[in-house]
Amino acid sequence: MDQLTFRPYPVDPNSDNFLGLSSEFAEFEKSEFVILPVPYEQTTTYQKGTKNAPQAVIAASQEVETFDEELKFEAYKAGICTLGLMEITTLGPQKMLEKIYQATKELINQKKKVVMVGGEHTISIGAVKAFREKYPHLSVLQMDAHADLRDSYQENRFSHAGVMRRIGELSHFVGVGIRNLSEEEYEFIQQNKTEVFFAQELRGNDRWKEKVLKKLGSDVYLTFDMDVFDPSIMPAVGTPEPGGLLWYETLDFLKKLVYEKNLVGLDVVELCPIPGLVAPDFLAARLIYKIISYIVSKERKI
């Protein structure tokens, strides 16, 4: 781990790791999963604070019950190591993305299942680049309120507003839950036949989950922007958009995704913690643990 740009948290029963796990289940060498916290925030434009998300999620996770009431088991026993906060470079987004790429690549080489916690959405580019090298036919599933398909935003091609434009240059992707985009982005979707499932199209349509899965290849990377949720359950995002997904329909889809595809890695981004309001932080932590639990239950045939 010496070559990485971050260090593991001290592994002991009182350490600030995801779920507050004891060393038996949080040591790097023994863990199947690795939480990679990246508090990067340089291109956000409305509500700021995504840099505080990784620490808020880790803190909230320590109040999450490790027993899953749906699956009737404890997934944490597969091992979940929490790495230290990645050091943020001030040399520009491309340098930061290179650091994320190198760190993710190293974790993949060490056969870890990577769960990156941001931070703004831009960080996904570095992780996707690493996974694309490992899985040549990788599909990326974008769950998001925004298309994020601008070629450049505020004279920056590596902005959160253009993250999927850059990812699309690396890999095939499918967008789900989109409900806010510019005319430029709409024209790009039309001209390139980009596969996007708008939020309005999901309402009253029970078959949308199967349709999305059919558009994805076997190996899938999930980039989950928290603003895909409706603001009624997720107000703590930079740009809340009405008309989003709710908790159980999202879990149902993610369970299908895990069981029917090979989910190789994921990130959860764009949480913008609100001081004094911990429910969104807890939701994000619970979401991450649910996805981990689905992966473990598939592997263990639970």
Among Thr239, Thr104, Thr90, what is the fewest-to-most ranking by other Cβ atoms within 10 Å? Thr90, Thr239, Thr104
Of all trypsin sites (Lys or Arg not before Pro) in the range 167-258, the ones in DSSP coil with at most 13 other Cβ atoms within 10 Å are Lys193, Arg203, Arg207
If you restrict to DSSP beta bridges whose two residues both lie in the range 18-300, what percentage is antiparallel, to the nearest 5? 10
Spelling out what I want: for every residue of the range 68-80, take phi, set θ = phi - 60°, compute 6.51 cos²θ - 1.76 cosθ + 1.60 (Karplus), and round to whole Hz; glycine and proline get x. 8, 6, 7, 9, 6, 7, 10, 6, 4, 5, 6, x, 10
Averaged over all directions, how much area does the convex hull of the C-alpha atoms of the range 108-149 cover when projected, in nm²? 3.6
Name the residues whose placed amide hydrogens come within less than 5 Å of the amide hydrogen of Phe229, ignoring near sequence neighbours (fewer than 5 apart) on the same chain. Leu245
Treating the beta-carbon of each Lys and Arg as +1 and of each Asp and Glu as -1, no other charges, what is the dipole magnitude of the chain about its Cα centre, to the nearest 20 debye? 840
Given N residues in the range 196-302, what is Rg(Cα) / (2.2 N^0.38 Å)? 1.09
How about Lys105: which lysines have a C-alpha closer than 22 Å to its C-alpha, ignoring those fewer than 8 places off in the same chain? Lys30, Lys95, Lys113, Lys129, Lys134, Lys261
Radius, Kirkwood style, for the chain when every pair of distinct Cα atoms is counted (Å): 19.1
With the contact rule set at Cα under 8 Å and sequence spacing of 6 or more, what percent relative contact order holds for the range 179-256? 25
Along the dipole axis of the range 18-300 (charges at Cβ: +1 for Lys and Arg, -1 for Asp and Glu; origin at the Cα centre), the most positive-end residue among Tyr289, Pro54, Phe131 is Phe131
The range 32-158: C-alpha pair distances exceeding 19 Å, %: 56
What does the helix-only formula give at 222 nm for the chain: each DSSP H stretch with n ≥ 4 adding -39500 (n - 2.57), the total divided by the residues, and the result rounded to the nearest 500 deg cm²/dmol? -10500 deg cm²/dmol
Checking rank on 64-77, 105-118, with mean other Cβ inside 10 Å and highest first, the result is 105-118, 64-77
Once whole DSSP H runs in the chain are found, which of them have Cα atoms spread over 27 Å or more along the helix axis and a mean Kyte-Doolittle score of at least -1.0? 279-300
For q = 0.30 Å⁻¹, Debye-computed log10 I/I(0) when each Cα of the range 174-225 counts as one equal scatterer: -1.26
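Since every read-out is calculated from the coordinates, none of them should be taken as a lab result. Bear in mind the structure is a predicted one, so any value in this text is a computation, not a measurement. Ideal geometry is used to build each Cβ from the backbone, glycine not excepted, and the neighbour counts take in all protein chains shown.
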